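So the structure is just underneath, and the comments pick up after that.
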Amino acid sequence: MTRENYINAGLTFLLVLVPFWAWSTGQAYILTLCTKVAILALAGVGLNIALGLGGLVSFGHAAFFGIGGYAMGILASHAQTFDPIMEWPILIEGTKSMPVIWLVAMITSALAALLIGALSLRTSGVYFIMITLAFGQMLYYFTIGWPAYGGEDGLSIYVRNSFPGLNTLVPVQFLILSYVILGLALLFSARLSRAPFGLALTAARQNADRVETVGIAPYRLRLVAFVISGAITGLAGALFADLNRFISPTMFSWHTSGEIMIFVILGGVGRLYGPVAGAALFILLEHLLGGVSDYWKIFLGALLLAVVLFARGGLIGTLAGREVAHD
Amino acid sequence: MTEPLLQTRGITKSFGALKASDAISLDLRPGEIHALIGPNGAGKSTLIKQIAGNMQPDSGTVHFLGQDVTALDTVARARLGLGRTFQISALAMEFTVLQNAVLGALGARGGVMRFFRPVMKDRALLDRATEALERVGLQDHAATRTAELSHGQRRQLEVAVALTLKPRAFLMDEPMAGLGAGGSKRLTGFLDGLRAEAPILLVEHDMDAVFALADRISVLVYGQVIATGTAAEIRANPDVRRAYLGEEDAA
Ligand SMILES: Nc1ncnc2c1ncn2[C@@H]1O[C@H](COP(=O)(O)OP(=O)(O)OP(=O)(O)O)[C@@H](O)[C@H]1O
Ligand SMILES: [Mg+2]
């Protein structure tokens with residue numbers, strides 16, 4: 001086992017231990033915080049596939065996070081008012097079922113990623129960053145001006161959506177659900193990065209000429225990575241909306257894109273557990289420093305600067321060192 | 001005469017006022033090593049890029065395997081069987097040597113859109129990659145990070161990756177550069193045998209290698225092919241002596 005595996009295992013242990021302790025001592029607030037870490041980490045796992053493996057600096061992942069959130073909000077709000085979303089040509093009703101909501105969230109954000117990716121992946125560097133940012137902001141302003149689902153004020157969902165066999169209103173049950181999804185996403189991401197696709201994608205990040213010369217088109221690799229990435233971040237958006245039982249245009253704002261990127265950078269770009277470490281650190285800092293000062297993000301900024309300047313591998317990279325093994 | 005595998009017809013490319021390729025027509029026949037020599041800045045790499053598909057000529061065409069490939073991109077030409085090495089190594093520097101070779105094998109085999117099975121446990125790909133590394137003598141460095149290779153070893157890896165493609169023709173841009181005398185000699189011996197598998201269009205500054213290997217030599221000066229012929233013909237050609245070899249004799 002490599003050093004990084006030990007660190008990941010340790011982190012997993014901590015992330016299980018803390019809620020277990022919180023649950024046994026009846027601290028629901030800590031449980032909610034842990035759930036939030038898992039969901040935000042999931043958003044980061046999504047971004048990490050584009051950013052870490054593909055080298056695609058997307059500043060627009062809030063678009064997918066928001067689409068996932070609004071997929072949940074729209075479906076659940078129609079279900080709670082018993083008012084179908086559409087009656088013609090086919091009847092589409094709302095739903096409170098999480099699996100259906102997740103499926104819709106992932107499909108819609110994947111489609112959005114396909115569209116946004118197909119257009120923005122023709123550019124690179126700063127242009128790519130700006131175009132993805134522009135798409136995110138476009139959706140942000142669109143939802144602000146869309147009165148049907150709360151416009152600027154957002155929309156509340158009164159009761160958390162349901163999952164077969166679980167009572168999602170019990171914090172620890174929703175937490176376990178979120179953890180399992182994060183775990184599955186990490187498993188998928190680990191497999192992906194070692195699969196033929198992962199090899200070609202990471203090669204294209206390092207040297208696109210090389211990949212073309214062996215007869216593989218980088219554009220297709222990147223587009224597929226972007227779509228997978230968007231779908232996972234979209235799923236995180238749906239869960240996040242369910243955690244808060246609230247959606248608002250803020251989910252689409254560039255702040256959200258920035259925060260997802262911060263998780264990845266803090267934890268370690270391209271590292272499997274980077275987003276997990278990053279999201280945990282972010283929430284921990286917010287929890288500890290947010291109470292001390294309203295300006296806690298200044299500390300966050302300083303930390304981020306330190307990581308970018310002195311610890312390019314983020315938390316995981318600094319602790320684990322560089323990976324050289326190829327199996 | 002056998003039908004050429006690869007052919008350029010009147011390739012012309014200008015960078016502003018500079019004509020880097022001036023109506024270049026040359027061909028590569030089955031089983032041969034065709035060396036392309038010329039002073040620095042003559043336009044050798046520019047021609048290779050246009051044949052490989054990285055750069056579009058202003059006019060002229062490239063034919064490969066009896067097909068006009070001028071409109072095809074690098075990826076399509078590689079798939080048709082054009083194996084290329086770069087003058088400045090284009091490798092995935094964070095990868096191990098073996099990973100770079102496996103990437104080549106993967107490109108050749110296809111099936112990139114697979115998301116679950118570990119690629120570095122794929123026997124068929126590993127065998128193909130390892131065989132290529134053995135042929136260039138890099139097998140002991142399979143687990144080395146590519147960034148840690150010497151300049152010469154990177155050139156060897158470039159050749160190995162091209163080998164994994166089992167191409168129909170090779171384009172090699174200065175594969176000997178940085179190899180040192182011993183390495184140069186070994187690679188010369190290797191390329192000598194390789195021509196039987198697929199012909200090689202070889203850009204090279206190492207004149208010993210060129211004259212030892214080439215069935216035919218074309219001399220490029222200021223974007224123009226001033227002569228094409230056997231080693232003996234090129235040595236005896238007065239234009240070549242004046243324009244190019246003369247510089248070396250004087251030195
Ligand atoms: N993209 C480009 N834009 C402008 N000029 C270029 C470009 N590429 C090459 N050149 C110029 O074209 C000429 C030919 O360059 P090229 O790299 O083909 O030479 P070469 O024969 O490969 O030289 P060397 O032996 O040094 O590798 C040079 O003068 C070079 O500066
Ligand atoms: Mg050159």
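The values are calculated or read from the model by the stated rules, or taken from the named source; none is laboratory data. Nothing here was measured: the structure is a model prediction, and the numbers come from that model. As a convention, Cβ positions derive from the backbone with ideal geometry for all residues, glycine included, and neighbour counts pool all protein chains shown. With ligands, DNA and RNA removed, areas are computed over all heavy atoms of the protein, side chains included. Shrake-Rupley method; radii C 1.70, N 1.55, O 1.52, S 1.80 Å.
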Legend entry - Computed label-point distance, nm, for sites residue B:15 and residue B:113 using a 7 Å Cα→Cβ extension: 3.8
Inset, instruction - Taking amide H positions as placed in the peptide plane 1.01 Å from N, state which residues far from residue B:85 in sequence (5 or more) or on other chains have amide H under 5 Å from it. - result: B:171, B:172, B:173
Inset, instruction - Please say if chain A is rounded, prolate or oblate, where rounded means a/c under 1.5 for a ≥ b ≥ c the square roots of the C-alpha gyration tensor eigenvalues, and otherwise the choice is prolate for a/b larger than b/c and oblate otherwise? - result: oblate
Legend entry - Amide H contacts under 5 Å for residue A:246, placed H, 5+ residues apart: A:157
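Mind running the shape call on the stretch A:151-257? Use the C-alpha gyration tensor, a ≥ b ≥ c as the square roots of the eigenvalues: rounded below 1.5 for a/c, prolate if a/b tops b/c, oblate otherwise.
Here the stretch A:151-257 falls in the oblate category.
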Inset, instruction - Evaluate the relative contact order of chain A (contact order divided by residue number), counting alpha-carbon pairs under 8 angstrom at least 6 apart; express in whole percent. - result: 32
Inset, instruction - Name the shape class, rounded, prolate or oblate, that the alpha-carbon gyration tensor gives for the stretch B:91-165, where a ≥ b ≥ c are the square roots of its eigenvalues, rounded holds for a/c under 1.5, and otherwise prolate holds if a/b is larger than b/c and oblate otherwise. - result: prolate
Legend entry - Phi-based couplings in Hz for the stretch A:304-318 (Karplus 6.51, -1.76, 1.60; Gly and Pro marked x): 4, 4, 4, 5, 5, 7, 10, 9, 4, x, x, 4, 5, x, 5
Legend entry - residue A:115-residue A:14 pseudo-label distance in nm [points 7 Å out on the Cα-to-Cβ vector]: 4.1
Legend entry - chain B: angle of helix B:151-164 to the longest principal axis, Cα-based, in degrees nearest 10: 80
Inset, instruction - Return a whole-number percent for the relative contact order of the stretch B:91-165, with Cα pairs under 8 Å and 6 or more residues apart as the contact set. - result: 49
Legend entry - Residue order for A:169, B:213 - accessible surface, 1.4 angstrom probe, largest first: A:169, B:213
Legend entry - the stretch A:88-176, relative contact order [Cα under 8 Å, separation at least 6], %: 28
Inset, instruction - In whole Hz, with x marking every Gly and Pro, tabulate ³J(HN,Hα) for the stretch B:49-66 from phi via Karplus 6.51 cos²θ - 1.76 cosθ + 1.60, θ = phi - 60°. - result: 4, 6, 6, 6, x, 7, 9, 8, x, 5, 8, x, 9, 10, 10, 9, 6, x
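Share of the protein assembly as shown's accessible area from carbon and sulfur, percent, 1.4 Å?
Carbon and sulfur: 61 percent of the exposed surface of the protein assembly as shown.
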Legend entry - Solvent exposure ordering (accessible area, 1.4 Å, most first) of B:12, B:2, B:230, B:164: B:2, B:230, B:12, B:164
Legend entry - Principal-axis tilt of helix B:123-136 within chain B, Cα atoms, nearest 10 degrees: 40
Inset, instruction - Could you work out how far helix B:97-109 tilts from the main Cα principal axis of chain B, as a 0 to 90 degree angle to the nearest 10? - result: 80
Legend entry - Per-residue SASA entry for residue A:194, accessible area with 1.4 Å probe, Å² rounded to 10: 110
Legend entry - Computed label-point distance, nm, for sites residue A:166 and residue B:230 using a 7 Å Cα→Cβ extension: 8.0
Legend entry - Other-chain or far-sequence residues with amide H under 5 Å of residue A:59's (modelled H): A:132, A:133
Inset, instruction - List the aspartates and glutamates whose Cα lies under 17 Å from the Cα of residue A:297, skipping any in the same chain that are fewer than 8 positions away. - result: A:259, A:286
